[in-house]
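Undergrad: I'd like to ask you about the structure that follows.
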Amino acid sequence: MAVSQMKKFQLSGYASLKEKVIETLINLGCVHISDDARKEFIESGISKQDVVSQISTSSFSSIPIASLEEGLSQLEYIINFTANYSEKAKGLANLLSPERITLSPEQIEKIRQNTDVSQIYSRCLDLENKMIGLQLEMSKKQDLLDELSPWQNFDAALKDLQNTAMTTSQLVIAKKELLPQIQEEINKAAEGFELRIISENRNTAYLFLLMLRDDASKVLAILNQHGCKSVRIEGIVDRPTKAMRQIQSELSLIDEEKIEIRKACFDLAKDDRDNALVLYDLTFEDIQKRQVEDKFAHTRCVFFINGWIRTRDEIIVRRELGKISPELEITTLPSEKDEQPPIALENNSYVSPFEFITTLYGRPNYREFDPTPFLAPFFVIFFGCCITDAGYGMILTVISLFLLKRFKPTGGGARLIRIILWSGISTIIIGALTGGWFGIDTAVLPQLFQKMIVINPIVNPLDMLKLALGLGIIQIFTGIIIKACANIRDRRFIDALLDQVLWIIMLVFLLPMGYSFILGGKVLPEIAAAASKGASITAIALILTQGRANKGVFGKLFGGIISLYNVVGYFGDVLSYARLLALGLATSAIAMTINGVAKMATEIPYLGYALALLILIGGHTFNIVINTLGGFVHSSRLQFLEYFSKFFEGGGQEFKPFEKRNRYIAINMGQ
């Protein structure tokens, strides 16, 4: 349970062996290849003039990387397009554990040789463009149908709405409430007109207006004054009802055409999606090889690479590369003090899921401890304190187990679910000890559950606060001890004694005062006096030692005095753990409120119990989701800010071995 031990890896050989070396390295998946091979090559004694940029001796070098990236982009488009028409590509199962195709090497090579990516890409583009075109056409026709709908009672062809020598006509939309006033004003202003209501709804009237041309300007002025709108329906010459029937007929034809296109899309997904998935992985692998090849240093005849391997992988790497040719020169060296090898974390199956949390903050550097084993137990305990409901914990545990067994997720999703699983188990235990069972009043719980209660946060919140702060003190002391152990490992004994042990002593002496002043606890006078005296002596020792890195006597004393301000920081860190009480109380209070509302709902006649059931299911689901999120976030925050600040430096670079990163292919070598 630590940072993997690394060795520097150097490999050189004849250029003719390069392709086999790259193929072997990607199959091994053990070597992190660095970018500094040219620099190392020159430092080894090779003339700078003899180093060339690249020698294209491999089969994948013949294809420009730009072409490979374009092909990968086309394949990604095909995969995304066909995902909408593939049953296998949908659902929670695919989200947690993406589809993988098991094929033999021979089958994979056959797909590579017989599949025309450009043709599939063009077919997808064509189908998508046709679908988009039909959608736009359907949208336009539907808009036109909506525009015609209020005028369907108009019994004349729209082409007849033309000006004559004596008259002019208009279709008008007006506010219904203003219609009497509009009629009255037009009647006064015009000598002759006809105003017919075609249709109306709650607020709007749709009108046909026929008037003398001489009165048109006055009538239009009145209409404008009252916010009326003249309507011209472009492209329609027949009666509205006939035009609407024609449009509906055209929409039916569009629907039929869309069905045909969707069928073609489903057929395309069925026939070519799997091939696109296979080719995506193959193309991505070719790009990986080209990118790694660019990291090689070359002369006219030989190549050189530089990187890192885990110490435990050295034997297998030497064995597999040795099978290529005895002329390959392999060198492994321990890392030097000023080097920072890439970081690979090694933890057992119980702890490794919590690497997810560690890496959210950062990776440890090569010279420090992996914090994952030290944060895992604290995280699950803190999560349980944030929820404090055994019923909720059971639900989280059951859901996590179901997802793991049913969908067999991989990668980060699997780690996150396992974290929730362990946190759910912790929540069951802490919930039982605090009397939390779906917010049910502890007085009506079964006797067995009542006997399990150690602290009831609702009744005795101060006891829960003491527990939360106590857990904080333990974690902070653990962080200081881890830093002391790191200093002792690095033979910095003085630093461990003065920077960690001395501060632990100081904090131990301050605990009785903190217990008395902050929590109002009773401390024996003898203990208080001894703690006060011990804290004073330790404070003097800190003043004399904490500024030792500064120059001059004044600088050392000033640095020591300033260091005492860290006491405030430590107390602030401890008080941050009060959030465990606050979140736990919030979960319980919301659960109890939900139960209370549901109980009141049962008094509603007929539908009361059904409504109460909906309130219980919906309310407790919301409470679980929101407080699970809160528990995860705040438990992580305590690790990152209050805990890691005591010992964790971070800054490590991730160990990224050159390996096959297949998203969709599972190769069956037995076929």
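The values are calculated or read from the model by the stated rules, or taken from the named source; none is laboratory data. These numbers come from a predicted model, not from an experiment. We place every Cβ from the backbone using ideal geometry, glycine too, and count neighbours over all the protein chains shown. In case anyone asks, the SASA skips ligands and DNA or RNA and just uses the protein heavy atoms, side chains included. Shrake-Rupley method; radii C 1.70, N 1.55, O 1.52, S 1.80 Å.
Undergrad: Are any residues in segment 318-372 of a type outside the set (S, T, N, Q), part of a helix (DSSP H, G or I), open to solvent by less than 20 Å² (accessible area, probe 1.4 Å) and in contact with a strand residue (DSSP E or B) (Cβ under 8 Å, 6 or more places away or on another chain), and if so, which ones? Reasoning before the result, please.
TA: Step one: of segment 318-372, the residues of a type outside the set (S, T, N, Q) are 318-324, 326-330, 333-334, 336-339, 341-346, 350-351, 353-357, 360-364, 366-371.
If we keep only those that are part of a helix (DSSP H, G or I) too, we end up with 318-322, 353-357, 360-361.
Checking the rest, the ones that are also open to solvent by less than 20 Å² (accessible area, probe 1.4 Å) come to 321, 353-355, 357.
Matches in segment 318-372: Leu321, Glu355.
Undergrad: Can you tell me how many residues in segment 517-556 are touching a Lys or Arg at 6+ places or on another chain (Cβ under 7 Å) and not in a loop (DSSP other than H, G, I, E, B)?
TA: Within segment 517-556, the subset touching a Lys or Arg at 6+ places or on another chain (Cβ under 7 Å) is 519, 547-548, 550, 556.
Pick out the ones that are also not in a loop (DSSP other than H, G, I, E, B) and you get 556.
The qualifying residues number 1.
Undergrad: Can I ask one more? Select from segment 401-422 the residues that are open to solvent by 80 Å² or more (accessible area, probe 1.4 Å) and among the aromatic types (Phe, Trp, Tyr) and list them in ascending order.
TA: Scanning segment 401-422 gives Phe402, Trp422.
Undergrad: Identify all residues within segment 458-479 that are open to solvent by less than 10 Å² (accessible area, probe 1.4 Å) and either at pLDDT below 95 or under 11 Å from Tyr577 (Cα atoms) (or both); write none if there are none. Can you show your working first?
TA: Taking segment 458-479 first, the residues open to solvent by less than 10 Å² (accessible area, probe 1.4 Å) are 464, 468, 472, 475-476, 479.
Within segment 458-479, Met464, Ala468, Gly472, Gln475, Ile476 meet the criteria.
Undergrad: Now for a different question. Would you confirm, using the coordinates I've provided, whether Val553 is without any contact (Cβ under 8 Å) to a residue 40 or more places away in the chain, surrounded by fewer than 14 Cβ atoms within 10 Å (Cβ to Cβ) and farther than 25 Å from Arg492 by Cα? Spell out the reasoning first.
TA: Details: without any contact (Cβ under 8 Å) to a residue 40 or more places away in the chain: yes; surrounded by fewer than 14 Cβ atoms within 10 Å (Cβ to Cβ): yes; farther than 25 Å from Arg492 by Cα: no.
No, not satisfied.
Undergrad: Just give me the residues in segment 197-214 being modelled with pLDDT under 90 and among the charged types (D, E, K, R), in sequence order.
TA: The answer is Arg202, Arg213, Asp214.
Undergrad: Still on this structure, I have one more. Among the residues of segment 6-25, which ones are more than 14 Å from Ile305 (Cα to Cα) and hydrophobic (A, V, I, L, M, F, W, C)?
TA: Met6
Undergrad: Then there is this: Among the residues of segment 2-27, which ones are in contact with a Leu (Cβ under 8 Å, 6 or more places away or on another chain), of a type in the set (Val, Ile, Thr) and either open to solvent by 60 Å² or more (accessible area, probe 1.4 Å) or part of a helix (DSSP H, G or I) (or both)?
TA: Residues satisfying the conditions are Val21, Thr24.
Undergrad: So if I check each of Phe622, Phe554, Phe571, Phe632, which one is under 25 Å from the mean Cα position of the chain (by Cα), more than 18 Å from Leu360 (Cα to Cα) and not hydroxyl-bearing (Ser, Thr, Tyr)? Write out each step before concluding.
TA: Working: Phe554 fails: under 25 Å from the mean Cα position of the chain (by Cα); Phe571 fails: under 25 Å from the mean Cα position of the chain (by Cα); Phe632 fails: more than 18 Å from Leu360 (Cα to Cα).
Selected residue: Phe622, the only one of Phe622, Phe554, Phe571, Phe632 that is under 25 Å from the mean Cα position of the chain (by Cα), more than 18 Å from Leu360 (Cα to Cα) and not hydroxyl-bearing (Ser, Thr, Tyr).
Undergrad: Here is a list of conditions, (1) among the aromatic types (Phe, Trp, Tyr); (2) over 21 Å from Tyr643 (Cα atoms); (3) surrounded by 13 or more Cβ atoms within 10 Å (Cβ to Cβ), and Phe493 meets all of them except one; can you say which number that is?
TA: Against the list (1) among the aromatic types (Phe, Trp, Tyr); (2) over 21 Å from Tyr643 (Cα atoms); (3) surrounded by 13 or more Cβ atoms within 10 Å (Cβ to Cβ), Phe493 comes up short only on (3).
Undergrad: One residue is enough: does segment 660-670 have a residue meeting the conditions at pLDDT 95 or above, under 30 Å from Thr359 (Cβ atoms) and surrounded by 13 or more Cβ atoms within 10 Å (Cβ to Cβ)?
TA: Step one: filter segment 660-670 for residues at pLDDT 95 or above, giving none.
Checked segment 660-670: no residue is at pLDDT 95 or above, under 30 Å from Thr359 (Cβ atoms) and surrounded by 13 or more Cβ atoms within 10 Å (Cβ to Cβ).
Undergrad: Here's a check for you: in segment 150-184, which residue that is open to solvent by less than 50 Å² (accessible area, probe 1.4 Å) and not aliphatic (A, V, I, L, M) is farthest from Met211 (Cα to Cα)? Before the answer, list the steps.
TA: Restricting attention to segment 150-184, the residues satisfying the condition of being open to solvent by less than 50 Å² (accessible area, probe 1.4 Å) are 150-151, 154, 156-158, 161, 167-174, 178-179, 182.
If we keep only those that are not aliphatic (A, V, I, L, M) as well, we get 150-151, 154, 167-170.
Details: Pro150: 22, Trp151: 19, Phe154: 17, Thr167: 6, Thr168: 6, Ser169: 6, Gln170: 9 Å.
Filtering segment 150-184 for residues that are open to solvent by less than 50 Å² (accessible area, probe 1.4 Å) and not aliphatic (A, V, I, L, M), the one farthest from Met211 (Cα to Cα) comes out as Pro150.
Undergrad: Only residues that are open to solvent by less than 40 Å² (accessible area, probe 1.4 Å) and closer than 30 Å to Val278 by Cα: list them for segment 120-149, please.
TA: If the condition is that a residue be open to solvent by less than 40 Å² (accessible area, probe 1.4 Å) and closer than 30 Å to Val278 by Cα, then Ile120, Cys124, Leu127, Met131 are the ones that fit.
Undergrad: Among the listed residues Phe378, Phe303, identify the single one that is among the aromatic types (Phe, Trp, Tyr), modelled with pLDDT of 95 or more and over 30 Å from Ile617 (Cβ atoms).
TA: Working: Phe303 fails: modelled with pLDDT of 95 or more.
Unique residue meeting the criteria: Phe378.
Undergrad: I need a count of the residues in segment 635-659 that are open to solvent by 60 Å² or more (accessible area, probe 1.4 Å), outside any helix (DSSP H, G or I) and either among the small types (Gly, Ala, Ser) or without any contact (Cβ under 8 Å) to a residue 24 or more places away in the chain (or both).
TA: Of the residues in that region, 1 qualify.
Undergrad: State whether one or more residues within segment 577-592 are open to solvent by 80 Å² or more (accessible area, probe 1.4 Å) and in a helix (DSSP H, G or I). Before you say what the answer is, go through the steps one by one.
TA: Step one: filter segment 577-592 for residues open to solvent by 80 Å² or more (accessible area, probe 1.4 Å), giving 592.
Those still in the list that are in a helix (DSSP H, G or I) too: 592.
Yes, segment 577-592 contains at least one residue that is open to solvent by 80 Å² or more (accessible area, probe 1.4 Å) and in a helix (DSSP H, G or I).
Undergrad: Considering each residue of segment 185-220, count those that are open to solvent by 80 Å² or more (accessible area, probe 1.4 Å) and either under 60 Å from the mean Cα position of the chain (by Cα) or in contact (Cβ under 8 Å) with a residue 24 or more places away in the chain (or both), and give that number.
TA: Summing the residues that are open to solvent by 80 Å² or more (accessible area, probe 1.4 Å) and either under 60 Å from the mean Cα position of the chain (by Cα) or in contact (Cβ under 8 Å) with a residue 24 or more places away in the chain (or both) in segment 185-220 gives 6.
Undergrad: If you don't mind, there's one more thing I want to ask. If the requirement is being closer than 30 Å to Val117 by Cβ and not aliphatic (A, V, I, L, M), which of these qualifies: Lys242, Lys295? Full working, then the answer.
TA: On the way: Lys242 fails: closer than 30 Å to Val117 by Cβ.
Checking each option against the conditions leaves just Lys295.
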